[in-house]
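Working notes, beginning with the structure itself.
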Amino acid sequence: MDTTTTLIDNGILKQHLIDPEICIRCNTCEATCPVGAITHDDNNYVVRADVCNGCMACISPCPTGSIDNWRTLPVARAYSVEEQLGWEALPAEIPPEQWGADGSAPGNTSTTIPAAPAPVAAEPGTQPFRSAQYGATVPPWSAAHPYTNLFAPARPTTATVVGNFNCTEAGFDSETHHVVLDFGSMPFPVLEGQSIGIVPPGTDALGKAHHARQYSVASPRNGERPGYNNLALTVKRVTQDYDGHPVRGIASNYVCDLKVGDTVQVIGPFGSSFLMPNHPRSHIVMICTGTGSAPMRAMTEWRRRLRSSGKFEGGKLMLFFGARTQQELPYFGPLQSLPKDFIDINLAFSRTPGQPKRYVQDLMRERAADLLALLRDGSSHFYVCGLKGMEEGVVMALRDIAQDAGLNWDTLGATLKREGRLHLETY
Ligand code: A2P
């Protein structure tokens, strides 16, 4: 298919753009786009006009709606990636009378959309495995109704820190904090699986206000403390970049260093598909690494509260949780006290001295028989959250478990996606 033509009609382009003022830079669009049209730098997420084919796959997964912006203009006026990366705000629509006789508007230097690279036909059976295509963009049918975008970046609300402690063992390379925020009398309803944005104070090296950073909520819908208008976050102190070079994460260090009584600027809530099922006997399989455990803690705790109040109506909980060591696994202690008949816990440690490296997908393969039974059950829901790198290995493990038992993964994967039963949130 010629991906360059679907948004162009008679030399006029309907250009797909992302609103930098609303975008929370969560990477969902880039991960979702099936044609690789979205890219980013430290400042903005942007759409390559020469690649975007208007398939709309990115629209509903976007937690903020910033992805759903369009400008009509001559092809010769298409905003380049470089221009978009420099934006602080979307440009206004250019009225047709200003397009000019040659189809170009004043001040524009671009003449055409560079041609998209011709798709290379893959040999049958050699297409790379693309795990993101199986991620659902709809919630389970029995999910509760989420509230979203109550507070936009231009109008954040204020929360007060009521708790902050290291939920990993002190003295290790990686340190993760459990931070509790209270919203006082300001309504801030969240569901398990949703996220919020924290706006770090101050400005960057260029004098611009910092962007909000997105964190998954780690507490259930009725509050970290039941009945209180508060929520918890699981935040890892960033001290290295992806290549292992020392770096001080602006927002994570700000959040990890917050003191009780401090106030923070909060936006959100975000997310309307990574939500838990609520129907009787619905099963939840949770697969996570590090701070990807936040939504899993929220779902587990909600079910634990239902169970202790006698309202839990069955359904299995199975957890696969990966960390470098036991000491660096968030919430290791509290996890140990959960009853074995309530949750089936599988921990994978990758850097325990003297032990082989183990990842969550290794444990999943070891538990293939149990996962197969769950894959065969239409009430099972699978949630994956954590490092980007694990997504492919985890979805491949599910695929192999299904295929080894003679199930058709193409059919099953498509069903899981369509029914909101396989959710991927990796970063
Ligand atoms: P590793 O020891 O290889 O880094 P982190 O502490 O950096 O947040 O990572 C959490 C866990 O996820 C670590 O055990 C890490 O192992 C593991 N991990 C890293 N890459 C992958 C991957 N591709 N698949 C599964 N787990 C991974």
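The values are calculated or read from the model by the stated rules, or taken from the named source; none is laboratory data. Nothing here was measured: the structure is a model prediction, and the numbers come from that model. Cβ atoms come from the backbone with ideal geometry, glycine included; neighbour counts cover every protein chain shown. These area figures cover heavy atoms from the full protein model, side chains too; ligands, DNA and RNA do not enter into them. Shrake-Rupley method; radii C 1.70, N 1.55, O 1.52, S 1.80 Å.
Rank-order 191-200, 246-255 by packing density, defined as the average count of other C-beta atoms within 10 Å over each peptide's residues, highest first.
Details: 191-200: 23.9, 246-255: 16.2.
Listed from highest to lowest mean packing, they are 191-200, 246-255.
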Over the chain, with neighbouring protein chains present, the accessible area per residue in Å² at probe 1.4 Å is 47 Å²
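Could you tell me the ratio Rg/Rh of segment 277-345? Both radii from Cα atoms, Rh via Kirkwood. Please list the in-between numbers first.
Details: Rg = 12.1 Å, Rh = 12.5 Å.
For segment 277-345, the value is 0.97.
What does DSSP give for the chain in terms of the percent of beta bridges that are antiparallel, rounded to the nearest 5? Write down the numbers at each step before the final one.
On the way: 40 of 63 bridges.
The answer is about 65 percent antiparallel.
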Using only the alpha carbons of segment 155-259, determine the length spanned along each of the three principal axes and report them from longest to shortest in whole angstroms.
-> 42, 36, 24
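Considering all projection directions equally, how large on average is the shadow of the alpha-carbon convex hull of segment 339-427, in square nanometres?
On the way: hull surface 27.4 nm².
If I average the Cα hull's projected area over directions, I get 6.8 nm².
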Under a no-solvent Debye model with one identical scatterer per Cα of the chain, what's log10 I(q)/I(0) at q = 0.06, 0.08, 0.12 Å⁻¹?
-> -0.27, -0.48, -1.05
Segment 287-364-segment 378-417 distance, computed between alpha-carbon centres (Å) | 19 Å
Sorted list, accessible surface of protein heavy atoms, 1.4 Å probe, largest first, for SER282, SER60 is SER60, SER282
The lysines whose Cα lies under 19 Å from the Cα of LYS236, excluding any fewer than 8 residues away in the same chain, are LYS259, LYS388
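Based solely on its DSSP helices, what 222 nm [θ] is calculated for the chain when runs of n ≥ 4 H residues each add -39,500 (n - 2.57) and the sum is averaged over all residues, nearest 500 deg cm²/dmol? Intermediate values should be presented prior to the final figure.
Values: 9 runs with 80 residues, N = 427.
Helices in the chain give a 222 nm mean residue ellipticity of -5500 deg cm²/dmol.
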Computed over the chain: longest principal axis from alpha-carbon atoms vs helix 409-418 long axis, angle to nearest 10 degrees, is 80 degrees
So, with a 1.4 angstrom probe, what is the percent of accessible area on the chain that is carbon and sulfur?
-> 53 percent
Rounded to the nearest 10 Å², the 1.4 Å probe accessible area of ASP50 is 20 Å²
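For the ranges 14-22, 327-335, what's the packing order if you count other beta-carbon atoms within 10 Å of each residue, average per peptide, and put the highest first?
Numbers: 14-22: 20.2, 327-335: 18.0.
Ranked from most to least packed, the peptides come out as 14-22, 327-335.
Quick one: order MET276, MET396 from most to least accessible surface, probe 1.4 Å.
Numbers: MET276 5, MET396 50 Å².
Descending order: MET396, MET276.
Using only the heavy atoms of the protein chains and a 1.4 Å probe, how would TYR45, TYR242, TYR383 rank by accessible area, largest first? Kindly include the intermediate steps, with their values, before the conclusion.
Numbers: TYR45 20, TYR242 200, TYR383 0 Å².
If we order TYR45, TYR242, TYR383 from most to least accessible, we get TYR242, TYR45, TYR383.
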SASA check, ARG71, accessible area w/ 1.4 Å probe, all protein chains in place, rounded to nearest 10 Å², comes out at 40 Å²
Quote the accessible area belonging to ASP204 in square angstrom, nearest 10, computed with a 1.4 Å probe and with ligands, DNA and RNA left uncounted.
-> 50 Å²
